[in-house]
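Please read the structure below before turning to the comments.
The values are calculated or read from the model by the stated rules, or taken from the named source; none is laboratory data. Given the structure is predicted, the values throughout are model-derived calculations rather than measurements. Ideal geometry is used to build each Cβ from the backbone, glycine not excepted, and the neighbour counts take in all protein chains shown. Only protein heavy atoms, including side chains, enter the accessible area calculation; ligands, DNA and RNA are left aside. Shrake-Rupley method; radii C 1.70, N 1.55, O 1.52, S 1.80 Å.
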Amino acid sequence: MNNADLAIVGAGPTGLSAALVAPRAGLKVWIFDDNALPGGQYFRQLPKQYRKTQKTVYDKEHGRAAELFTAIHHPNVTYLPNATVWENPDPGILAFAAGERSGRIEAKAILIACGASDRPVPFPGWTLPGVVTAGGLQNLVKGARVVPGERAVVAGNGPLLMVVAANLIRAGAEVAAVAEAAPAKARLWRNLPRLLHAPEIVKLAVNYRGLMAKAGAPYRCGETVIEARGGDELEEVVLAPIDTRGHIDRAKARTVACDTLVAGFGLNPSIEMYRLLGCEVTYNSYRGGWMPKRSEDLETSIPGIFAAGDGAGIGGVEFALIEGKLAGTVIARNLGALGERDAAIQAAPLRSRLERFRKFRVGLERVYAPPATWTELMTEDTVVCRCEDVSLGEVREREAQGFTSAFAIKGSTRMSMGRCQGRNCLPTLAALIAARDGVAVEQVDLPRGRPPARLVTIGDLLQEDLPAPVFPADPHLPRGEEVT
Ligand SMILES: Cc1cc2nc3c(=O)[nH]c(=O)nc-3n(C[C@H](O)[C@H](O)[C@H](O)COP(=O)(O)OP(=O)(O)OC[C@H]3O[C@@H](n4cnc5c(N)ncnc54)[C@H](O)[C@@H]3O)c2cc1C
C-alpha cells in the first residue's frame, strides 16, 4: 500500500495548481492522470514524438502552463501519468490502474480534480463520421494540430462554440455557419455589467467574434442543428430556429452543405469519482448539471475529500487554476503543514479572485442559458446510447412495458452499461424521464455509481499485489475442510 498526505486525481489546471502549493508546504503528494502528459484539457500538450516547427496561437498559453508543469518535478511529488483512479475500496484509499505500477494509495486528504466531459445531445445523424463534439475538436487542434475537414458548421450552445469557430478558421477551415441555440445577443447588454468582472475573457470573446466576422462566418442565435445527413459520412446539416422552451420551428429549417459538424452543447462535470466516494451531489443547470456539494473550503460532504475545477461545476480554466491553489492551501492548513494565519493570508487573494470570476460566470451563464430541453431533437430512430447502440424507440418500448425508472431502463436496454459507463448517456436518460414525467431533471433518480469509475484493463487489475482472499467457512463441508 502506498501512502501520502494528499492524493490528487487529475493533472489538469486544477490538480497541477494544487500540486504547486501543497508540496511547497511540506506535504507528500501523489498526483494521478490517465493521460501520458500533464495539462488536462486546457493545457493539452502535443505528444512527445511531435516536433514543433513554428510557434502558433496554441502555444501562447504554454507560458502559463510551464510554471504549472514544474509541479510534477517537486521532490515531494510522485506523478503517475497513464494512471486511472478507478475505485475507492476503503475510506481514504484509492485504487489506481497504471500497468505494472497499478496499486492502492492511502492518503490523509484526497482532491478530486477530474474535469468535465462534453455534454452529448442526440439528434438524427449525430453518430455520422464527420460529427465531432466541441471539446473533441479542441483536443484534435491542441493535441494533434488536426482539423477533421475543410467546410464546417458549428452548432449547439455555450461560449466554447466561439472558441471552436475561431480555431477552425485559424487552422484554415471554412466555417459556413455558427448556430447558437440561446438568444445570446439579445441577453448580452443586460448582462454586460457582470461580464465585465472578467474583462480579459470578454476581450478574448471580442477577438473570436472579430476573427469570425473577418472570415465571413455567420453567427446566428436562436437556431440549432436538427439533423446531420450523409451516406457513409457527413454531407450536410439541417438547422432550424429553437425557442427558449426548446420548441423547434421545422418549417423554417435550412440545409447547409459541409464535411464537418462541431456539435457543442456545453460540458458536464465528471462526477463518477464523487458518486463512487459517496459524496453528496447537487444540481445546477448553469454549472453543467450534477456536481458535488462543497463548503467554502471546497470540502465535500465526506471530510478529507475535496472537489475543485470543472469536475466540481463548470467554471472554465481561470476558475480551475484558482480553485486548485485554494484547495492546496486549505488542505495544507488542515493537515497542519500551514499555520491558520499563513493559510488565511495565502487564501484571501484567491477567494477574492474567485468571487470576481463567480460574478462573471453568473453573467455568462445567463447569456448562454440553454433551452429548457433538447428532447425535441430526438426521433424514435435516434441513438441515445452510443456505446450500446440503444435507440429512443427501444427506450420507449421498454417504458411501455413498465420499465420506467432510470435503473429499469438501464437494466432492460443496457443503456449506460458500455465503455463510457453512462458518462455520456445518463444526462440524456434523465432528460427523457424528466420530460416524460413533467418533473425537473434533478428529481430523476439515477442508477448508483459503481466501480470502475473509468475503464481499466483486466491486465491492470491483475498487476495489483492484493492479499489472498479469505473465504467464509462452508457449512456444507466437514469442519476444518477448506474451500479451494
Ligand atoms: C474535451 C474538452 C476540451 C476543452 N477545451 C477547452 C478549451 O480549449 N478552452 C477552454 O477554455 N476550456 C476548455 N475546456 C474546458 C476545460 O474543462 C477547462 O478549461 C479546464 O481544462 C478545466 O480544468 P480541470 O483541471 O478542472 O479539468 P481537466 O483539464 O479536464 O483535467 C482533469 C484531468 O483529470 C483526468 N482524469 C479524470 N478522471 C480521472 C481518473 N479517474 N483517473 C485519472 N485521471 C483522471 C482527465 O483525463 C484530465 O487530464 C475543455 C473541456 C473539455 C471536456
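Rounded to the nearest 500 deg cm²/dmol, what is the calculated helix-only ellipticity per residue at 222 nm for the chain, with -39500 (n - 2.57) per DSSP H run of length n ≥ 4?
Details: 13 runs with 154 residues, N = 484.
My calculation for the chain gives -10000 deg cm²/dmol from helical runs alone.
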**Item:** Per principal axis, descending, Cα span of region 378-443 in whole Å
**Value:** 29, 23, 21
**Solvent-accessible area per residue for region 378-443 (1.4 angstrom probe, square angstrom)** = 49 Å²
**Request:** Within 10 Å, count the other beta carbons around each residue, average over each peptide in 298-307, 198-207, and list them highest first.
**Result:** 298-307, 198-207
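Probe of 1.4 angstrom, ligands and nucleic acids ignored: what's the accessible area per residue over region 115-222, in square angstrom?
Per residue, region 115-222 has 41 Å² of solvent-accessible surface.
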**Request:** Place +1 on the Cβ of every Lys and Arg and -1 on the Cβ of every Asp and Glu in the chain, take the dipole about the Cα centre, and give the residue among 305, 336, 428 whose Cα lies farthest towards its positive end.
**Result:** 336
**Request:** Determine the gain in length on full extension of the stretch residue 450-residue 146; use 0.36 nm per residue of separation and subtract their C-alpha separation, reporting nm with one decimal.
**Result:** 105.9 nm
**Request:** Could you name the lysines whose alpha carbon sits less than 22 Å from that of residue 252, not counting residues in the same chain fewer than 8 places away?
**Result:** 185
**Request:** For region 7-115, give the magnitude of the charge dipole about the Cα centre (Cβ charges: +1 Lys/Arg, -1 Asp/Glu; no others), in debye to the nearest 20.
**Result:** 480 debye
**Request:** Measure off, as a whole percent, the carbon and sulfur share of the 1.4 Å-probe accessible area of region 216-269, all protein chains present.
**Result:** 46 percent
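What number does the chain give for Rg over Rh if you use C-alpha atoms and the Kirkwood radius? Numbers along the way, then the final one.
Values: Rg = 23.5 Å, Rh = 23.8 Å.
My calculation of the ratio gives 0.99.
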**Proximal aspartates and glutamates to residue 52, defined as alpha-carbon separation beneath 17 angstrom and excluding residues fewer than eight positions away on the same chain** = 61
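What helices does the chain have that are whole DSSP H segments, at least 20 Å long along their own axis by Cα, and with mean Kyte-Doolittle hydropathy of -0.5 or more? List each step's numbers first, then the result.
Values: long enough: 199-214 (22 Å, 0.21); 317-334 (25 Å, 0.71); 340-367 (39 Å, -0.66).
What comes out of the filter, once short or polar helices are dropped, is 199-214, 317-334.
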**Message:** Could you tell me the center-to-center distance, by alpha carbons, between region 185-246 and region 66-99 in angstrom?
**Reply:** 38 Å
**Item:** Rough spin-label spacing in nm, given labels placed 7 Å along Cα→Cβ, for residue 100 and residue 127
**Value:** 4.0 nm
**Message:** Taking θ = phi - 60°, what integer Hz values does the Karplus form 6.51 cos²θ - 1.76 cosθ + 1.60 yield along region 238-248, in sequence order, with x for Gly and Pro?
**Reply:** 10, 10, 8, x, 9, 9, 5, 7, x, 7, 9
**Item:** DSSP bridge pairs, the chain: antiparallel proportion in percent, nearest 5
**Value:** 45 percent
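Measure off, as a whole percent, the carbon and sulfur share of the 1.4 Å-probe accessible area of region 378-443, all protein chains present.
Numbers: 1530 of 3250 Å².
Heavy-atom surface of region 378-443 belonging to carbon and sulfur, 1.4 Å probe: 47 percent.
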**Item:** Cα pair distances exceeding 11 angstrom across region 187-230, given as percent
**Value:** 75 percent
**Prompt:** If you roll a 1.4 Å probe over region 8-130 with all protein chains in place, what percent of the accessible area is carbon or sulfur?
**Reply:** 52 percent
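Over all directions, average the projected area of the Cα convex hull of region 120-265 and note it in nm². Don't skip to the answer; put the middle values down first.
Numbers: hull surface 35.5 nm².
Averaged projected hull area, Cα only: 8.9 nm².
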**Message:** What's the magnitude of the charge dipole for region 1-53 around its Cα centre, counting Lys and Arg as +1 and Asp and Glu as -1 at the beta-carbon? Answer in Debye, nearest 20.
**Reply:** 320 debye
**Request:** Give the distance, in whole Å, between the Cα centre of region 458-479 and the Cα centre of region 138-182.
**Result:** 52 Å
**Request:** Past 18 Å, Cα to Cα, is the threshold; run 60/359; 55/142; 142/203; 55/203; 28/108; 60/203 against it and keep the listed order.
**Result:** 60/359; 142/203; 55/203
**Message:** About the Cα centre, and with charges only on the beta carbon of Lys, Arg (+1) and Asp, Glu (-1), how big is the dipole of region 378-443? Nearest 20 debye, please.
**Reply:** 260 debye
**Item:** Amide H within-cut-off set for residue 289, under 5 Å, with H built and near neighbours excluded
**Value:** 284
**Counting all C-alpha pairs of region 73-203, share separated by more than 19 Å (%)** = 67 percent
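If we sort 141-150, 15-24 on the protection proxy, mean other Cβ atoms within 10 Å, highest first, what's the order? Don't skip to the end; give the middle numbers.
Values: 141-150: 16.6, 15-24: 27.0.
By packing density, highest mean first, the sequence is 15-24, 141-150.
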**Request:** Select from 166, 186, 148 the residue farthest towards the positive end of the dipole of region 120-265; place +1 on Cβ of Lys and Arg, -1 on Cβ of Asp and Glu, and compute about the Cα centre.
**Result:** 186
**Message:** Please compute the length gained on full extension between residue 355 and residue 252, using 0.36 nm multiplied by the number of residues separating them and subtracting their Cα-Cα distance.
**Reply:** 32.8 nm
